[in-house]
Amino acid sequence: MSSNGHDSPLASDPEVAAILHAELERQRTTVQLIASENFTSPAVLAATASVLTNKYSEGYPGRRYYGGNVHADEVESLARDRATALFGAAHANVQPHSGASANLGVYLALVEPGETILAMRLDQGGHLTHGSPVSITGKTYRFVSYGVTPARADGSGERIDLDAVRDLARRERPRLIVAGTTAYSRVIDPVPFREIADEVGALFMFDAAHPAGLIAGGAHPSPVGIADVVTFTTHKTLRGPRGGAILCGEEHARAIDAAVFPGLQGGPLEHVVAAKAVAFAEAARPEFKQYAAQVVRNAAALAAALVADGFRLVAGGTDNHQVLVDLRAFDAELTGKAAQEVLDRAGITCNRNQIPDDPRSPFVTSGLRLGTPAETTAGMRESEMAVVASLLARVLRDRDDQAVVESVRKEVRELCAGFDPYAGSPWIEGIA
Ligand code: DSN
């Protein structure tokens, strides 16, 4: 029996049940500022926990290798239709297990091993799958990398260096140009990338893992119809289950589908595909437009409050859901690692992150990445962002003072009590 008196299906495994309850409690009582996380709706959670997890469905709707796929076909067709309608795309593949699988699927479909891909370097704000030497992408393809412009005192620097993209594209003649980032706080305009790709005869992929929800909600420009292929994750700003997806025109549909299955993956996770379908429908509602706009407003409020507290922000601020903090102006001795650890103890969850040209290693870093998607879902607004920024600054300023850390932890708990993402869903304790 769970604490709310409902029978818990997990009563048979108290060890796992206790861990899941502790995680639910952590999510409810600490501030979630990881830019790539969100709180899914109970409907998304319910679909993820459904009996479709029992089903094998290698192939695609109408072309499966096993029997019994009538309902898997229905749900995957629905997810594909909802994805194409939401983003205005001709074709969607909703099977990638993650953003990394989606990106790899595109490379496998469109680029031969050893051919050149132009993408953003990880330490400049790109992603592992944009050619990091430790990723299979960097080992399989010849990546050439661009970064951001130098920092400027007025905050106008640290933008994607389009001159470098153009120069490198002209010199290297890549097969594919990738736009997309994981640690970049400004809007990414797909049009200049398209122009550069056209000039050198390259294909253009837009990795919308981070801004997918902002695009769906109309807060950021859509790359669909401009890029040849758009990849995204479903669990960040889009607020769906953990997973990936690919959008493309009909001309690439067969190659993309064949690359995802059988090229890269085995059986799709149809329970997650069902949850993706739920999330796509939720993102098509008018409330989601308001949500996307509020995510951006909250990030701007968080940024302004952090600047007032003495932090330097990479790129001088934000246009999206995230803020990249350069800790050195606040305290030259403070590393991202130390900041993340003490903030964790105070109940403020975020991740250390390299900043452009970071002198410290990726494991230590000089930066913190903060994001607003999750707490905006929980109902926080600009005034709460100012409170969060001041709590964060207090902990970092007095990080060796355990009494300060404990007092902030208490205030965080009190703040979060008013913003429970799962208030009104008592059944959640039965599965979590
Ligand atoms: N881990 C994701 C992020 O936090 O941005 C990228 O894969």
Looking for whichever is over 19 Å from Val388 (Cα atoms), charged (D, E, K, R) and modelled with pLDDT of 95 or more here; the options are Asp344, Asp309, Asp326, Asp358. Which one fits? Asp358
With the requirement that a residue be crowded, with 20+ Cβ neighbours inside 10 Å and touching a helix residue (DSSP H, G or I) at 6+ places or on another chain (Cβ under 8 Å), what does the range 253-267 give you? Ile256, Ala259, Val260
Could you tell me whether any residue of the range 84-97 is touching a helix residue (DSSP H, G or I) at 6+ places or on another chain (Cβ under 9 Å), within 16 Å of the ligand (Cβ to nearest atom), assigned to a helix (DSSP H, G or I) and farther than 28 Å from Ser361 by Cα? no
Tell me, which residue of the range 321-362 that is free of Cβ contacts under 8 Å to residues at least 60 places away in the same chain and in a strand (DSSP E or B) is surrounded by the most Cβ atoms within 10 Å (Cβ to Cβ)? Val325
Please pick out the residue among Ile215, Ile256 that is of a type outside the set (Gly, Ala, Ser) and under 17 Å from the mean Cα position of the chain (by Cα). Ile215
Residues of the range 363-402 being under 21 Å from Arg186 (Cβ atoms), in contact (Cβ under 8 Å) with a residue 40 or more places away in the chain and in a loop (DSSP other than H, G, I, E, B), which ones? Ser366, Thr372
Kindly indicate whether Arg173 is among the basic types (Lys, Arg) and more than 16 Å from the ligand (Cβ to nearest atom). yes
Give all pairs with beta carbons closer than 9 Å in which a residue from the range 224-245 that is surrounded by fewer than 24 Cβ atoms within 10 Å (Cβ to Cβ) meets a residue that is in a loop (DSSP other than H, G, I, E, B) and at pLDDT below 95; count only pairs at least 6 apart in sequence or on separate chains. none
For the list (1) surrounded by fewer than 17 Cβ atoms within 10 Å (Cβ to Cβ); (2) under 27 Å from the mean Cα position of the chain (by Cα); (3) part of a helix (DSSP H, G or I), I need the number of the one condition that Glu15 fails. (2)
I'd like to know if the range 170-190 contains one or more residues that are small (Gly, Ala, Ser), surrounded by fewer than 24 Cβ atoms within 10 Å (Cβ to Cβ) and either farther than 23 Å from Leu324 by Cβ or touching a residue at least 12 places away in the same chain (Cβ under 8 Å) (or both). no
Name the residues in the range 115-128 that are over 18 Å from His252 (Cβ atoms), more than 16 Å from the ligand (Cβ to nearest atom) and either without any contact (Cβ under 8 Å) to a residue 24 or more places away in the chain or not polar (S, T, N, Q) (or both), would you? Leu118
Given the options Glu23, Glu74, Glu112, name the one that is in a helix (DSSP H, G or I), away from the ligand (no atom under 16 Å from the Cβ) and touching a residue at least 60 places away in the same chain (Cβ under 8 Å). Glu23
Filtering the range 129-170 down to residues that are within 16 Å of the ligand (Cβ to nearest atom) and among the aliphatic types (A, V, I, L, M), which residue is farthest from Leu313 (Cα to Cα)? Ile136
Do the conditions hold for Ala47, that is, is it touching a residue at least 12 places away in the same chain (Cβ under 8 Å), more than 16 Å from the ligand (Cβ to nearest atom), over 27 Å from Gly379 (Cβ atoms) and not in a loop (DSSP other than H, G, I, E, B)? no
Can you name the residue in the range 26-37 that is among the charged types (D, E, K, R) and away from the ligand (no atom under 16 Å from the Cβ) and, of all such residues, is surrounded by the fewest Cβ atoms within 10 Å (Cβ to Cβ)? Arg26
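The values are calculated or read from the model by the stated rules, or taken from the named source; none is laboratory data. Computed from a predicted structure; not experimentally measured. In this analysis, Cβ positions are derived from the backbone assuming ideal geometry, glycine residues included, and neighbour counts consider all displayed protein chains.
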